[in-house]
1. Positive end of the dipole of the chain, charges at C-beta (+1 Lys, Arg; -1 Asp, Glu), about the Cα centre: which of 173, 78, 129 has its Cα farthest in that direction?
2. Mind listing the long-range amide H neighbours of residue 21? Cut-off is under 5 Å, sequence gap 5 or more, other chains count too, H placed in the peptide plane at 1.01 Å from N.
3. Residue 60: accessible area at probe 1.4 Å, nearest 10 Å²?
4. If I build a Gaussian network model for the chain, linking alpha-carbon pairs within less than 10 angstrom, which residue out of 170, 67, 108 has the largest mean-square fluctuation?
5. Whole-Å semi-axes of segment 21-155's equivalent ellipsoid, largest first, each the root of 5 times a Cα gyration tensor eigenvalue?
6. By its C-alpha gyration tensor, with a ≥ b ≥ c as the square roots of the eigenvalues, how is segment 140-231 shaped: rounded for a/c under 1.5, else prolate for a/b larger than b/c, else oblate?
7. Using only helices, what value at 222 nm comes out for the chain when you add -39,500 (n - 2.57) per DSSP H run of length 4 or more and divide by the total residues, to the nearest 500 deg cm²/dmol?
8. Obtain the radius of gyration and the Kirkwood radius of segment 89-207 from its C-alpha atoms and give Rg over Rh.
Amino acid sequence: MPKRGKKYQDLVKMYDKTAQYDMDEAFEILAKTATAKFDETIEAHFRLGVDGRHADQQVRGAIVLPNGTGKTKRVLVFAKGDKAHEAEAAGADYVGEAELAQKIQQENWFEFDVVVATPDMMGVVGRLGKVLGPKGLMPSPKSGTVTMNLTQALAEIKAGKVEYRLDKQNIIHTPIGKASFGPEKLKENYQALLEAIIKAKPAAAKGQYIKSATIASTMGPGVKLNPAKLG
């Protein structure tokens, strides 16, 4: 692993990095360690007691955070006809059909953060699976990004909707806001995400569901929470 700088080492000394903290204390520590000159993104990380290789143990969904994410997301919508007009009226940043897919494939164009598509456009979007999939940009009915209700989908995304899903290590990594939000708003976002993940617990999951939980800022060290107190 790369050697951490002096500033990072000083931040680690401010608390016990091996300890597990209650939610209130964890977010107070996080506020003290997010000291970069820019507004750091705060992420929540959950390691779950599931095996995502099995379809019946997948954990995936989306939620609108009560206080948003602090980031304005650029949304690309694949739609045609009246639905394209609806997307434009609802505030989509880019709207199109095959020409947008071609632009992504040929120009390696990724000036967007979220992709939404109407079901009838998935034949076009499906061909982008190999480039959108690894970036976590592939639209999905589970995350509400394959839909005919584009107005609602765009409103939720712009309001601070985040997607959560397992990675290959059965860990969920999700942004929950900016350091400037302060502990209380970050806690509210964290609680909403936590409740959604608990609600999404697969019936096939056995034993302890939340194995570990950590919060961290972009440049700061992780702060561990006590998973036994998270539900």
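1. 173
2. When sequence neighbours closer than 5 places are left aside, the close amide H contacts are 224, 225, 226.
3. 60
4. The residue that fluctuates most here is 108.
5. Output for segment 21-155: semi-axes of 31, 19, 15 Å.
6. It comes out oblate by the Cα gyration axes.
7. Calculated mean residue ellipticity at 222 nm is -9000 deg cm²/dmol.
8. Computed over Cα atoms, the ratio is 1.00.
The values are calculated or read from the model by the stated rules, or taken from the named source; none is laboratory data. All figures in this text were calculated on a predicted structure; none of them were measured in a lab. Don't worry about glycine lacking a Cβ; one is built from the backbone with ideal geometry, like all the others, and counts go over all protein chains shown. Just the protein is used for accessible areas: all its heavy atoms, side chains included, with ligands, DNA and RNA removed. Shrake-Rupley method; radii C 1.70, N 1.55, O 1.52, S 1.80 Å.
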